[in-house]
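Visitor: The structure follows.
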Amino acid sequence: MKEQKIVVIGAGVAGINFATKLVDNGYPGELITIIDKGNDPFNRQPEEVMTGMLGSGGWSDGKLTYHTAIGGVLSKYCGEEKAMELMDQVISNFRRFHPKPEEIFCSDPQAEPDFIKPYFGLRLFPVWHIGSNYLHEIAKTWYSYLVDKGVNFIWNHTVYNIDFKNNKIELAELNNAGEIYYDKLIFAVGKSGIDFGKQLADEYNLPTEPKSVQIGVRFEAPQKYFQRLIDISYDFKLYQKFNNVSLRSFCTNNNAAYVAVEKTYGDISYNGHAKKGEEFRNDMTNFGILMEIKGIENPFEWSREVVSKLQFRNIGLYYSPSRTPSKTSENESINTVQVGNLNQFKEVMGEYADYIINFIDQMNKVFEFKNDWGMYIPEVKYLSPEPLVDYKNLALINYPNVHFVGDALSARGITVSGAQGIYVAESLL
């Protein structure tokens with residue numbers, strides 16, 4: 001490959017794996033610049049979940065799903081065999097920078113237990129467990145490796161405009177603005193950059209593929225009720241399917257499980273993360289209950305409107321028959337407003353609220369948590385229309401030197417995001 005100046009927007013799993021693949025194969029690190037609006041891993045605080053080195057999942061989760069049916073799109077671009085080989089490379093990178101790689105293990109449950117079958121399907125697939133207590137050390141070691149290879153990092157800067165026609169990036173740090181030019185651009189933003197991706201798609205009339213609505217709640221209850229399922233599948237995936245709606249539990253966190261606030265478009269929604277170490281143990285479980293709703297016109301705009309209405313004075317909601325909201329891992333109050341009923345939820349969600357309520361009722365029959373549960377409203381995955389890309393290198397059809405990866409290309413997991421980054425790097429090499 002001709003040596004060119006490459007700029008990566010986003011230091012998440014996709015961008016970092018991309019850069020690692022290049023420098024591992026002799027590409028000059030001095031020609032690679034990575035921009036992120038968060039902090040480097042030595043200055044990033046544990047509660048800074050959404051931005052910074054290795055993104056959200058690589059900082060607070062550390063469960064690497066090992067199946068192409070989970071976590072977004074990959075095999076449609078490169079085929080099943082190649083997709084799995086790319087995932088192997090992502091797992092290998094986490095192992096390589098792990099302080100105790102021997103503690104990484106893979107869980108691979110095979111059979112759905114009988115107590116689940118009458119009420120839910122249970123998706124079973126292999127998961128590599130990196131260990132969330134090691135993620136910060138992994139990030140520091142990985143970052144130091146790339147810096148030693150000459151890769152340039154620009155932290156605490158927000159990209160607010162990209163001129164695809166003139167290969168120019170405009171960015172800002174507080175009140176200071178600057179410009180960077182590129183030969184190749186890797187657009188690897190995470191969840192917090194999805195709105196920017198939508199802005200670019202509109203501005204440049206990028207051909208896109210619409211995505212379904214992904215919306216629901218973050219459910220929380222004491223872990224003891226779910227332990228017999230956790231023993232079978234730590235990151236369990238319960239699901240139900242109806243005509244135009246399917247539901248699934250998503251991103252299960254156990255042992256030291258905390259609810260995290262996400263703020264997008266000025267509205268609050270909720271997610272979850274887990275920590276390891278007895279000092280963080282709270283014996284709680286949390287997971288998303290997400291609906292995929294098909295057939296809604298303008299699903300991106302619909303989701304934004306629904307989320308904006310599920311707020312009270314610009315704060316998301318919490319409902320429980322008996323509990324109060326939990327604390328964060330830093331023992332601070334979660335930014336939420338407790339409500340005494342689900343009237344607002346039902347009014348805004350309409351018939352879709354019934355799917356969530358029924359899902360919880362069915363879980364109660366299996367796990368018998370009775371009134372000992374709560375939910376944070378809403379949880380949402382903004383899947384803006386997916387840009388159409390060249391399958392060989394994930395480049396935009398009209399701008400072949402611009403490549404979309406990770407959340408920007410509808411990936412929803414650590415392994416898929418990292419694999420997309422490596423896939424683009426291989427195409428350039």
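The values are calculated or read from the model by the stated rules, or taken from the named source; none is laboratory data. Please read all numbers here as calculations on a predicted model, not as lab measurements. All Cβ positions, glycine included, derive from the backbone under ideal geometry; neighbour counts span all protein chains shown. Accessible surface areas use protein heavy atoms only, side chains included; no ligands, DNA or RNA. Shrake-Rupley method; radii C 1.70, N 1.55, O 1.52, S 1.80 Å.
Visitor: Against the condition more than 21 Å from HIS67 (Cβ to Cβ) and either modelled with pLDDT of 90 or more or not in a loop (DSSP other than H, G, I, E, B) (or both), how does TYR239 come out, does it pass?
Guide: Criteria not met by TYR239.
Visitor: Taking the residues in region 45-59 that are open to solvent by less than 10 Å² (accessible area, probe 1.4 Å) and touching a strand residue (DSSP E or B) at 6+ places or on another chain (Cβ under 9 Å) as candidates, determine which candidate is modelled with the lowest pLDDT.
Guide: My answer is TRP59.
Visitor: Would you mind finding the one in VAL213, VAL245 that is of a type outside the set (Gly, Ala, Ser) and closer than 23 Å to ALA260 by Cβ?
Guide: Among VAL213, VAL245, only VAL213 is of a type outside the set (Gly, Ala, Ser) and closer than 23 Å to ALA260 by Cβ.
Visitor: How do the pairs read when you match residues in region 99-121 that are within 23 Å of MET363 (Cα to Cα) with residues anywhere that are open to solvent by 20 Å² or more (accessible area, probe 1.4 Å) and among the basic types (Lys, Arg), using Cβ under 8 Å and keeping only pairs 6 or more apart or on different chains?
Guide: Final answer for the pair search is PRO113/ARG228; PHE115/ARG228; TYR119/LYS365; GLY121/LYS241.
Visitor: Filter region 393-420 for residues that are free of Cβ contacts under 8 Å to residues at least 40 places away in the same chain and either of a type in the set (D, E, K, R) or assigned to a loop (DSSP other than H, G, I, E, B) (or both) and give the result.
Guide: Of everything in region 393-420, those that are free of Cβ contacts under 8 Å to residues at least 40 places away in the same chain and either of a type in the set (D, E, K, R) or assigned to a loop (DSSP other than H, G, I, E, B) (or both) turn out to be ASN393, PRO400.
Visitor: Can you tell me how many residues in region 53-93 are under 13 Å from the mean Cα position of the chain (by Cα) and small (Gly, Ala, Ser)?
Guide: The number of residues fulfilling the criteria is 8.
Visitor: Next question, about the same structure. Would you mind telling me which numbered condition in (1) open to solvent by 30 Å² or more (accessible area, probe 1.4 Å); (2) under 20 Å from VAL159 (Cβ atoms); (3) in contact (Cβ under 8 Å) with a residue 60 or more places away in the chain PHE42 fails?
Guide: Exception for PHE42: condition (2).
Visitor: While we're on this one: Return the residues of region 228-271 that are basic (Lys, Arg), surrounded by fewer than 19 Cβ atoms within 10 Å (Cβ to Cβ) and either in contact with an Asp or Glu (Cβ under 9 Å, 6 or more places away or on another chain) or closer than 19 Å to ASN282 by Cα (or both); say none if nothing qualifies.
Guide: ARG228
Visitor: Please tell me if LEU122 is open to solvent by less than 20 Å² (accessible area, probe 1.4 Å), in contact with an Asp or Glu (Cβ under 9 Å, 6 or more places away or on another chain) and at pLDDT below 95.
Guide: yes
Visitor: Oh, and also: Criterion first (surrounded by 21 or more Cβ atoms within 10 Å (Cβ to Cβ) and either touching a Cys at 6+ places or on another chain (Cβ under 9 Å) or farther than 23 Å from SER427 by Cβ (or both)) does PRO101 satisfy it?
Guide: Judged against the criteria, PRO101 is not a match.
Visitor: Counting only residues that are of a type outside the set (Gly, Ala, Ser) and more than 30 Å from GLU386 (Cα to Cα), how many does region 65-119 have?
Guide: Residues flagged as of a type outside the set (Gly, Ala, Ser) and more than 30 Å from GLU386 (Cα to Cα) within region 65-119 amount to 23.
Visitor: How many residues, within region 1-37, are in a loop (DSSP other than H, G, I, E, B), touching a residue at least 12 places away in the same chain (Cβ under 8 Å) and among the charged types (D, E, K, R)?
Guide: So the count comes out to 4.
Visitor: Based on this model, can you work out whether ILE315 counts as aliphatic (A, V, I, L, M) and within 24 Å of the chain's Cα centre (by Cα)?
Guide: So ILE315 passes the test.
Visitor: Counting just the residues of region 346-379 that are among the acidic types (Asp, Glu) and either assigned to a strand (DSSP E or B) or in contact (Cβ under 8 Å) with a residue 40 or more places away in the chain (or both), which one comes out least open to solvent (accessible area, probe 1.4 Å)?
Guide: By that ranking, first place goes to GLU379.
Visitor: Have a look at ASN166, ASN161 and point out the one that is open to solvent by 40 Å² or more (accessible area, probe 1.4 Å) and either in a strand (DSSP E or B) or not aliphatic (A, V, I, L, M) (or both).
Guide: Only one candidate passes the filter, namely ASN166.
Visitor: Next up: Scanning for something assigned to a helix (DSSP H, G or I) and either hydrophobic (A, V, I, L, M, F, W, C) or closer than 24 Å to TYR270 by Cα (or both), does region 38-56 turn up at least one residue?
Guide: Looking for residues that are assigned to a helix (DSSP H, G or I) and either hydrophobic (A, V, I, L, M, F, W, C) or closer than 24 Å to TYR270 by Cα (or both), one finds none in region 38-56, hence no.
Visitor: Turning to a different aspect of this structure: I'm trying to understand the selection: among the residues of region 174-227, which are without any contact (Cβ under 8 Å) to a residue 40 or more places away in the chain, assigned to a strand (DSSP E or B), open to solvent by 60 Å² or more (accessible area, probe 1.4 Å) and of a type outside the set (A, V, I, L, M)?
Guide: Listed by number, the residues that qualify are ASN176, GLU179.
Visitor: So, one more: Are there any pairs with C-beta distances below 7 angstrom linking a residue in region 264-291 that is over 22 Å from SER132 (Cα atoms) to a residue that is in a strand (DSSP E or B) and open to solvent by 20 Å² or more (accessible area, probe 1.4 Å), with the two at least 6 apart or on different chains, and if so which?
Guide: Sorted first by the residue in region 264-291, then by its partner, the pairs are ILE268/VAL261; ILE268/ILE315; LEU290/ARG248; LEU290/PHE250.
Visitor: Return a yes/no flag: does region 12-23 have any residue that is β-branched (Val, Ile, Thr), open to solvent by 20 Å² or more (accessible area, probe 1.4 Å) and over 23 Å from PHE105 (Cβ atoms).
Guide: Checking region 12-23: not a single residue is β-branched (Val, Ile, Thr), open to solvent by 20 Å² or more (accessible area, probe 1.4 Å) and over 23 Å from PHE105 (Cβ atoms).
Visitor: Among the residues of region 189-224 satisfying the criterion of being hydroxyl-bearing (Ser, Thr, Tyr) and within 19 Å of the chain's Cα centre (by Cα), which is modelled with the lowest pLDDT?
Guide: Out of the qualifying residues, it is SER192.
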